[in-house]
Every structure is written in C-alpha cells, then in structure tokens.
Amino acid sequence: MIPADFDYKAPTSLDEALSLLAEYGEDAKVLAGGHSLLPLMKLRLASPRVLIDLAQVDGLSFVRDAGNQIVIGAMTPYAALQDSHLLQRRAPLLAQAAGMVGDQQVRNRGTLGGALAHADPAGDMPVIVTALGGTIRVRSSRGERTIAAADFFTDIFTSVLDADEILTEVVIPAHDGAAQAYEKFQKRAIDWAIVGAAVSLTRTNGSIDSASVVLTNVAPTPARATAVQSALAGKLANSDTVRQASELAAEGLHPSAELNASADYKEHLARVLTRRALTAALGIA
Ligand SMILES: Cc1cc2nc3c(=O)[nH]c(=O)nc-3n(C[C@H](O)[C@H](O)[C@H](O)COP(=O)(O)OP(=O)(O)OC[C@H]3O[C@@H](n4cnc5c(N)ncnc54)[C@H](O)[C@@H]3O)c2cc1C
C-alpha cells in the first residue's frame with residue numbers, strides 16, 4: 001500500500017502546469033482531489049514518475065452563470081456543486097448527483113474535472129454531464145479544444161484526453177424549468193453505483209417535449225437510453241407513460257456481470273431506476 005517513488009510539482013498557474021505536462025508527457029499525471037489517483041498509486045496500478053498538483057493553480061474552481069450556459073472550473077469539488085444555488089436552480093440534476101457521491105470527505109476533495117478525466121464507468125459525473133448535454137474544455141501547450149461529453153468517453157477508464165492535456169472547464173446548458181432527477185443503487189451509502197439513471201425532461205402543458213435519459217455502469221461509457229427517450233417524447237407526463245417507457249430501459253444494453261450484480265440484475269435495475277428517476281423528476285405520486 002505504499003506508492004512507487006515520484007516527484008511532486010505544485011505549479012501556481014495553468015501555463016506552468018501545461019509546460020510541466022508537455023515536458024514529462026506520459027511519465028506525469030495531473031493530481032486533482034487524489035481520491036481515485038492516490039488509491040491507484042498505492043495499489044501500484046498507476047506509477048507516474050511525476051505528479052503535477054493543480055491545487056495551487058488559480059482560477060480552476062468556480063461555478064459561473066454565463067447567460068444560457070453555466071461554466072464550471074475543473075477543480076470545483078463536489079461539495080461546491082452540491083451547494084451551488086445557481087446549479088440548484090438552473091441544472092438541479094448536477095447539484096443533486098454531486099450530493100450523492102461518496103461521503104462528505106470525498107465530496108470535499110473530489111473534483112468534477114478529476115471525475116470526468118478518470119472516466120470510471122461506475123462514476124456519476126460522466127453520466128450527469130452527458131445527460132445535461134455538457135461540453136468539456138481541455139488545454140495543452142498546443143492549444144485548446146472543446147469536446148461534447150457524448151464524444152469524450154471512449155472505453156472503461158478511457159477518454160479522448162491526451163497525455164499532455166488538462167481538463168479546464170465544463171460547460172452545461174442552462175436547464176431552466178426542466179424536470180430532472182438521478183437515482184442510483186448501491187450496497188452502502190458511500191459506494192459507487194451498481195446502476196444509476198439520470199433523467200432530464202422538458203414539458204409543455206402536461207406533455208413531455210424532450211427527454212434525456214442516461215444510465216450509469218451498464219456499459220463501458222455512459223449509456224443513453226434512446227428507446228426510453230423516444231417513448232417519452234410527445235406523451236402525457238403521467239404514470240402510464242413513465243411505466244411504459246421505463247420498461248424499455250434495458251433495450252440494447254449488454255451490461256457486464258460484476259461481483260455485486262449479474263447482467264440480468266443490472267438490466268432489472270436499469271428499468272426500476274429509470275422509473276424511479278422519471279417519477280421523481282415529474283413529481284408523480
Ligand atoms: C470512499 C470513496 C467513495 C467514492 N464514491 C464515489 C461515488 O459514489 N461516485 C463517484 O462517481 N465517485 C466516487 N468516488 C471517486 C471520487 O469521485 C473521485 O474523487 C473522482 O473519481 C476523481 O476525482 P479527483 O478530483 O479525486 O481526481 P484524482 O484522483 O486526482 O484524478 C483522477 C484521474 O484524473 C486525472 N485528472 C484529474 N484532474 C484532471 C484534470 N483537470 N485534467 C486532466 N486530468 C485530470 C488524474 O491524472 C487521474 O488520472 C469515491 C472515492 C472514494 C475514495
């Protein structure tokens with residue numbers, strides 16, 4: 001449980017961090033909250049020669065109103081997302097889900113950028129940012145690029161992020177008036193999701209205009225439940241619609257079995273959690 005030797009760098013600006021990353025390349029790892037990276041290092045599943053700590057880099061921790069968008073710094077901890085009145089009002093799904101990650105200690109240290117860069121299929125944030133139609137801004141000494149969350153995650157613990165890139169910001173469209181909820185099932189309160197379901201719906205006069213439904217830990221990357229979305233669009237926002245649509249949640253899924261759940265059980269959870277999330281979002285008794 002002791003990590004291999006490493007050098008520790010604590011840059012105070014993003015430019016300095018980027019030039020360190022360019023210098024050390026694949027030998028270096030960026031350190032954010034450390035709640036995923038440090039356990040991996042202790043298990044020697046990761047042995048970076050250099051750690052580049054972003055803790056002292058100014059300007060990476062914020063939640064900002066940008067009109068029809070909300071911009072969030074990569075180093076913003078879960079606790080700040082959970083407590084953000086702006087998110088509670090304009091993207092409540094993100095505030096709610098941040099409050100469901102781990103325990104208070106994890107939420108105080110773990111960051112949105114770290115969670116996205118880590119790309120854990122059981123992680124909550126990749127699913128939430130995908131469900132919200134978010135985009136991810138990354139920088140390197142070569143320049144900046146913006147990637148839709150839907151294109152960011154490519155496999156288990158794998159994203160399009162290059163070794164010399166730092167995730168700097170996450171941009172979420174404002175979801176004023178949307179009906180949103182996240183449901184996850186875990187064995188203990190601090191655990192990762194065995195399965196989760198995130199929903200965001202827009203409504204007019206009691207009918208559902210559009211639906212975004214994304215599932216956690218049923219595929220290597222966030223899984224969009226397209227059959228559920230189609231079954232909701234244009235329908236009355238009532239319990240019959242919710243029941244019929246959520247029955248389709250496992251369509252097209254091929255989840256892997258794991259210690260805590262068979263593939264069949266995960267499919268069952270996908271249906272149950274989708275129904276619960278839709279019911280909660282729409283406030284159906
Ligand atoms: C007890 C416990 C319970 C937990 N429960 C949950 C849970 O319920 N749900 C959940 O989703 N997660 C859970 N987690 C994981 C937690 O959310 C992690 O904090 C998160 O996955 C990683 O964020 P971090 O800031 O700690 O990143 P770090 O551990 O510092 O980094 C993770 C990876 O991302 C890279 N990285 C970090 N920041 C950047 C950046 N800005 N740019 C580029 N690369 C970067 C690092 O190099 C590393 O590879 C739990 C962790 C613990 C210890």
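Hey, could you check the stretch 43-67 for residues that are more than 22 Å from Pro3 (Cα to Cα) and away from the ligand (no atom under 13 Å from the Cβ) and say which is surrounded by the fewest Cβ atoms within 10 Å (Cβ to Cβ)? That would be Gly67.
Of everything listed in (1) more than 18 Å from the chain's Cα centre (by Cα); (2) of a type outside the set (Asp, Glu); (3) part of a loop (DSSP other than H, G, I, E, B), the single unmet condition for Ile190 is (1). The criterion of being in contact (Cβ under 8 Å) with a residue 24 or more places away in the chain, closer than 28 Å to Ala261 by Cβ and either within 16 Å of the ligand (Cβ to nearest atom) or crowded, with 21+ Cβ neighbours inside 10 Å (or both) does not hold for Ile166. When the strands (runs of 3 or more DSSP E) confined to the stretch 1-119 are screened for residues that are in contact (Cβ under 8 Å) with a residue 24 or more places away in the chain and touching a helix residue (DSSP H, G or I) at 6+ places or on another chain (Cβ under 8 Å), those reaching at least 2 such residues are found at 28-31, 50-53, 63-65, 69-73.
Of all residues in the stretch 204-234, those being surrounded by fewer than 17 Cβ atoms within 10 Å (Cβ to Cβ) and of a type outside the set (A, V, I, L, M, F, W, C) number 10. The condition (being under 27 Å from Tyr265 (Cα atoms) and without any contact (Cβ under 8 Å) to a residue 24 or more places away in the chain) is satisfied by just one residue among Arg188, Arg224: Arg188. Taking the stretch 177-198 as the range and being surrounded by fewer than 18 Cβ atoms within 10 Å (Cβ to Cβ), within 11 Å of the ligand (Cβ to nearest atom) and of a type outside the set (Lys, Arg) as the test, the residues that pass are Gln186, Ala189, Ile190, Asp191. Scanning the stretch 11-42 for residues that are within 30 Å of Gln82 (Cα to Cα), of a type in the set (A, V, I, L, M, F, W, C) and surrounded by fewer than 19 Cβ atoms within 10 Å (Cβ to Cβ) yields Leu14, Leu38, Leu40. Just one of the numbered conditions (1) in contact (Cβ under 8 Å) with a residue 24 or more places away in the chain; (2) within 13 Å of the ligand (Cβ to nearest atom) is not true of Gly134: (2).
No lab work stands behind these numbers, since they all come straight from the coordinates. Keep in mind that this is a model prediction, so the values were computed, not measured. No Cβ is skipped: glycine too gets one built from the backbone with ideal geometry, and neighbour counts run over all protein chains shown.
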